[in-house]
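The values are calculated or read from the model by the stated rules, or taken from the named source; none is laboratory data. These figures come from a predicted structure and were not determined experimentally. Virtual Cβ from ideal backbone geometry, glycine too; neighbours counted across all protein chains shown. Heavy atoms of the whole protein, side chains included, go into the accessibility calculation; ligands, DNA and RNA do not. Shrake-Rupley method; radii C 1.70, N 1.55, O 1.52, S 1.80 Å.
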Amino acid sequence: MTDASQRFTTMYDECRQRVWAYVVSQAGRQVADEVVSETFAIAWRRFGDVPDPALPWLLVVARNVLRDNIRAEIRRESLADELRAWTEEDHAEQVAERLVVLKALASLAPAERELLILVAWQGLSPRDAARVVGCSPAAFRVRLHRARKRLAGAMKSASAVRSPSRVRSLSEEWS
């Protein structure tokens, strides 16, 4: 055994139980073995930095390892919560609905699509949208009404697998 190995073994034998007791007092028995192992692995890698007496330095290292483990656990829990939130929402349903709307929009004439987009996506009033397309507000409302009816029919066609009540609900959203 080399001199450094012997000194490390002596330090380990003298301090391991006290470091373990400190970690148990801070975090409980479940994590103590892992934190103590990591603490002494760091001590081995940085053995030249370990002062005499080693115990205070080892306790600082154990405290830092424990803090890093807690931070990592918080990040894991946060990610798990985020993933649970994603899975609780029915994204497949939203994607399918979006595809129905997009397919129905694509089947409309470009002029009809523009009317619907100006009102539904751009949030323009019929009066403002009429200015954009260059017609009177009354003419715009008539065109918009026709475009909505065509969209509703196209959505019914595009949604053979969708329920009729949901198609009605989606077409009403565009009204």
#### Entry: Overall form of the range 3-69 per C-alpha gyration tensor (a/c, 1.5; a/b vs b/c)
prolate
### Query
So what is the 222 nm mean residue ellipticity for the chain from helices alone, if each DSSP H run of at least 4 adds -39500 (n - 2.57) and you divide by all residues, rounding to the nearest 500 deg cm²/dmol?
-27000 deg cm²/dmol
### Query
Ignoring ligands, DNA and RNA, what percent of the accessible area of the chain is carbon or sulfur (1.4 Å)?
53
### Query
About its Cα centre, what dipole magnitude does the range 3-69 give when the only charges are +1 on Lys and Arg Cβ and -1 on Asp and Glu Cβ, stated in debye to the nearest 20?
160
### Query
Which whole-Hz ³J(HN,Hα) couplings does the range 45-53 yield from phi under the Karplus relation 6.51 cos²θ - 1.76 cosθ + 1.60, θ = phi - 60°, glycine and proline marked x?
5, 10, 4, x, 8, 6, x, 10, x
### Message
Can you tell me the length gained on complete extension of the stretch residue 79 to residue 124, counting 0.36 nm per residue apart and subtracting the Cα distance?
### Response
12.3 nm
#### Entry: Cβ-placed point charges (K, R +1; D, E -1), dipole of the chain about Cα centre in debye, nearest 20
1560
### Query
Using all Cα-Cα distances in the chain, what percent lands in each 10 angstrom bin from 0 up to the longest?
9, 23, 14, 9, 7, 9, 13, 12, 4, 0
### Query
Got a sec? Charge dipole of the chain, +1 on Cβ for Lys and Arg, -1 for Asp and Glu; which of 4, 106, 32 is way out at the positive end?
106
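Counting only heavy atoms of protein chains, what accessible area per residue, in Å², does the chain have with a probe of 1.4 Å? Could you put the intermediate results ahead of the total?
Working: 11610 Å² over 175 residues.
Per residue, the chain has an accessible area of 66 Å².
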